[in-house]
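Quick note: the coordinates plus some simple rules give every number you see, no bench work behind them. This one's a predicted model, so the numbers in the text were calculated from it and none came from an experiment. Cβ sites come from the backbone with ideal geometry, for glycine too, and all protein chains shown count toward neighbours.
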Amino acid sequence: MTQSDAYSQAGVNIEAGHRANELMKDAVRSTYGNEVLSETGAFGGLFSAQALKSMDSPVLVASTDGVGTKTMVAAKMGKWDTIGQDLVNHCINDILVQGAKPLFFLDYVASSQLVPEQIADVVRGCAIACKQSSVALLGGETAEMPGVYQAGELDLVGTVVGMVDKASILDGSSVEVGNVIINLPSSGLHTNGYSLARKTLADFDWQEARDDLSDESIGDILLNIHRCYLNDVQKLQSAGIDIRGLAHITGGGVVDNLPRILPDNRRAVIKRDSWAVPPIFSLIQGAGDIAESDMFHAFNMGLGMLIIVTTEQAQTVLDTLPAFAQIVGEIVDGESGVELR
């Protein structure tokens with residue numbers, strides 16, 4: 001028995017891994033710029049650090065995250081080409097809130113049994129999002145681990161590395177009483193709250209177009225791609241906006257995430273009727289008989305990225321991102337936290 005035969009009998013198909021790499025190779029290469037100094041398949045990705053020389057005090061910013069059980073929605077719908085985009089956009093947003101520009105990204109895809117076409121679809125999604133944000137998909141790992149993951153399921157994780165000049169780091173320290181909170185809306189659940197959503201919506205038809213969801217299906221809306229806010233924030237910076245703070249509303253909702261950038265004795269007041277909550281959240285809440293406080297703790301509720309600016313610049317933000325940005329609250333004096341009114 002050859003080594004590959006023995007490995008195959010143990011549940012690992014080496015040839016399937018090679019096939020997956022071939023299927024995704026062109027998509028990965030399409031994200032390369034002159035900064036990438038290695039080829040696909042190298043033990044480590046090489047990326048030129050020349051851009052750091054343009055900064056007075058360059059700082060690297062890195063973040064790792066996953067898409068959680070949104071992978072199970074992809075499995076149920078048999079659609080794998082969007083969760084890679086979710087992953088990249090989520091990670092970019094996480095370093096964007098500190099003022100960082102993303103440079104390169106690495107992905108990790110693991111399953112119980114490797115299906116080359118499925119893995120390639122996921123990685124192609126990563127490549128699409130990387131190209132949209134001028135980020136190199138520098139490397140990754142595809143793992144087949146029978147016995148660790150359930151049949152038909154996969155896990156998806158990614159790491160992004162970016163850069164920011166030390167003087168330009170956003171940390172919320174300049175947030176003041178009277179500052180305005182502006183929302184850049186989410187496109188849906190993004191990548192958080194899916195365990196609760198799947199539980200409450202389990203008995204519904206996920207393929208049926210529904211009137212209460214603007215003639216879309218539950219499955220399609222649950223797979224809406226996590227919105228990336230890089231271009232929006234860069235537009236605001238180009239317009240001269242002094243961004244005091246950015247908060248990416250992910251797991252824990254606005255209740256847990258907004259306070260992460262608030263100084264002591266600064267409290268955020270979010271005006272409950274100032275934006276339209278996407279109807280998918282109302283469906284989840286009603287189906288699960290979930291308290292509103294729990295909804296705001298588990299989901300973004302339509303609040304995708306919150307921007308804190310001065311009152312004087314709030315209108316400029318709205319003019320720069322017309323029909324998109326909306327004022328949803330303000331900063332007041334008080335114990336750090338979030339108050340929904």
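Figures for the structure shown
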item	result
Projected area, mean over directions - the chain, Cα convex hull, nm²	18.8
Cβ charges +1 (Lys, Arg) and -1 (Asp, Glu), total dipole of the chain, debye	560
Given charges at Cβ of Lys, Arg, Asp, Glu: region 133-245 dipole, positive-most of 162, 177, 230	177
DSSP bridge orientation in the chain - percent antiparallel, rounded to nearest 5	75
Selection from 280, 321, 262 lying farthest towards where the dipole of region 200-329 points positive, charges on Cβ	262
Around residue 89: net Lys/Arg minus Asp/Glu count, Cβ-Cβ under 11 Å	-2
All-pairs Cα distance distribution in region 256-302, expressed in whole percent, bin size 5 Å	5, 17, 26, 22, 16, 9, 5, 1
Positive-end extreme of charge dipole, the chain - chosen from 251, 307, 31 (charges on Cβ)	31
Interatomic Cα distance distribution for region 180-340, bins of 10 angstrom, percent	10, 39, 33, 15, 3
Reachable lysines, given that their alpha-carbon falls under 17 Å from the alpha-carbon of residue 79 and they are not under 8 places away in the same chain	70
Bins of 10 Å from zero: percent of alpha-carbon pairs in region 79-145	21, 52, 22, 5
Local electrostatic count, residue 228, Cβ distance below 14 Å [Lys/Arg +1, Asp/Glu -1]	0
Distance between region 22-54 and region 260-274 - C-alpha centres, whole angstrom	40
Cβ-based net charge around residue 293, under 15 Å, with every Lys or Arg adding one and every Asp or Glu removing one	-3
